[in-house]
Each structure stands twice: as C-alpha cells, then as structure tokens.
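Written below as structure tokens is the structure these notes are about.
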Amino acid sequence: MLSIVLHTLRTGISPMPTSGRVRRQLLSLLPEDLEGTVLELGSGWGTLAFALADRCPRARVVAFELSPVPYAFARLRQRLAPRPNLQLLREDFFRASFSGASAVVCYLFPGAMTRLAPKLSAELAPGTRILSHTFALRGWKPVQTRVVDDLYRTPIYLYEVPGGAGPADTGPGG
Ligand SMILES: C[S@@+](CC[C@H](N)C(=O)[O-])C[C@H]1O[C@@H](n2cnc3c(N)ncnc32)[C@H](O)[C@@H]1O
C-alpha cells in the first residue's frame with residue numbers, strides 16, 4: 001500500500017485501471033490487423049495492456065509502468081496467462097524512445113499529457129495513432145472523439161501525429 005502511495009506521489013497518478021466500458025470503446029478505435037509496436041504509457045495492473053495484446057495479435061505491445069506493485073501484478077498475470085505479443089517493462093516511458101511505434105495508448109493526467117506532447121510529435125512518424133482517454137493533448141485536434149456512456153461521460157481522443165498523409169504501418173516489432 002505504501003509503495004503504491006509513494007509511486008502515486010512520484011508519478012502524479014495512481015494505478016487506477018481503465019473501466020470495461022471505456023476499454024471496449026477505446027479498443028474499437030484500433031484496427032485488429034494493426035502491426036508494429038503499440039506503446040502503452042503507464043500500464044498499471046495491466047488491464048489495458050492485456051486487452052491491447054488480445055485486440056491486436058499481429059502487433060507487439062510494449063507496456064511501461066514505474067510502480068512496482070501493479071507492475072508485479074501484471075507480471076504475475078503474464079506468467080499465468082501469457083500473451084506472446086506483450087512485453088511489460090518497469091521503466092519510465094519519458095526515458096524510452098517512441099521512435100517506430102505504430103500506435104501509442106495512454107490514460108494519464110494533464111501534467112503528463114503536457115509533457116508528452118512535444119515528445120510524441122518529435123519521435124513518432126506522421127500519421128501514427130495516439131489514443132488517450134479522460135485527458136486530452138492540449139493544442140492537438142483529435143481526428144475522432146468518443147464519449148462513453150458511463151457515469152463520467154469519459155471522453156476518448158484519437159489523434160494522428162500531424163505532418164503525413166496516413167497512419168504509419170510498421171514499427172520496430174513488425
Ligand atoms: C491511471 S493509471 C492507468 C493504468 C492502465 N493504463 C489502465 O488504463 O488500466 C496510470 C499509470 O501510469 C503510471 N505512470 C505514470 N507516469 C509514468 C511514467 N513516467 N513511466 C511509467 N509509468 C508511469 C502510474 O504508475 C499508473 O500506474
């Protein structure tokens with residue numbers, strides 16, 4: 001418990017999982033035949049990471065999480081019900097390269113989104129899909145927004161990195 005609290009203070013967000021309703025809507029915005037590397041930024045207990053790996057079996061999902069307890073839980077789940085296309089990393093995604101990713105998925109908080117925006121536009125190829133729910137990328141125009149029929153009317157934002165004609169179709173894993 002203490003570890004979760006300390007890492008919530010460190011990262012700025014608790015490992016709150018994405019709800020089933022939001023998850024289903026979010027996943028439907030990613031093509032099932034997506035290839036390449038899908039990055040999940042802040043994977044918590046693995047709720048979204050496992051669902052992403054199932055939704056996009058031809059992609060390699062790389063999930064970053066700093067907080068040790070939810071990370072260990074996700075590792076245990078991976079051991080019990082392995083997804084061959086899922087890689088769980090206990091790493092700070094701000095220190096990772098996003099280069100070559102075919103999609104990025106996140107559920108973070110406003111401060112992280114602000115810090116992420118220049119990294120996303122600098123490192124991702126034009127057209128790469130970015131999916132975020134609850135929090136938007138300020139100053140970016142989503143190509144699609146969905147509002148989930150839940151208590152919070154959770155918004156899901158689909159962006160494409162500006163500067164290209166269409167989504168990037170390959171990445172380092174594919
Ligand atoms: C709201 S939770 C989302 C969990 C999961 N993505 C989901 O949707 O079910 C956000 C997670 O991001 C993690 N996180 C925040 N900043 C991070 C960073 N720089 N590197 C890795 N993980 C981070 C937090 O520890 C937390 O578990």
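We did not get these values from a lab; they are worked out from the coordinates using the rules stated. Remember, predicted model here, so these are calculated numbers, not experimental data. Backbone-built Cβ (ideal geometry, glycine too); neighbour counts: all protein chains shown.
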field: Residue ranges of strands (runs of 3 or more DSSP E) in the stretch 72-158 with at least 3 members touching a helix residue (DSSP H, G or I) at 6+ places or on another chain (Cβ under 9 Å)
entry: 86-89, 101-106, 129-133
message: Need pairs with beta-carbon distance below 8 Å; first residue without any contact (Cβ under 8 Å) to a residue 60 or more places away in the chain and within the stretch 37-62, second β-branched (V, I, T) and within 11 Å of the ligand (Cβ to nearest atom); sequence gap 6+ or separate chains.
response: T47/T18; L48/T18; L48/V105; L52/V105
- prompt: Here are T134, T128: which of them is closer than 27 Å to L9 by Cα and either loosely packed, with under 14 Cβ neighbours inside 10 Å or within 17 Å of the chain's Cα centre (by Cα) (or both)?
  reply: T134
- request: Could you look through the stretch 1-37, keep only residues that are within 10 Å of the ligand (Cβ to nearest atom) and assigned to a helix (DSSP H, G or I), and pick out the one that is surrounded by the fewest Cβ atoms within 10 Å (Cβ to Cβ)?
  value: R10
field: Members of the stretch 119-150 found to be of a type in the set (S, T, N, Q) and closer than 21 Å to G42 by Cα, listed by number
entry: S121, T128, S132, T134
- request: Specify which of the listed residues (S19, S43, S67) is in contact with a strand residue (DSSP E or B) (Cβ under 7 Å, 6 or more places away or on another chain) and among the small types (G, A, S).
  value: S43
- prompt: Can you name every residue in the stretch 50-65 that is buried (at least 22 other Cβ atoms within 10 Å of the Cβ) and either within 7 Å of the ligand (Cβ to nearest atom) or of a type in the set (D, E) (or both)?
  reply: F64, E65
task: Give the residue that is nearest to the ligand (Cβ to nearest atom), with candidates limited to residues of the stretch 89-128 that are touching an Asp or Glu at 6+ places or on another chain (Cβ under 6 Å) and under 22 Å from S28 (Cα atoms).
output: V105
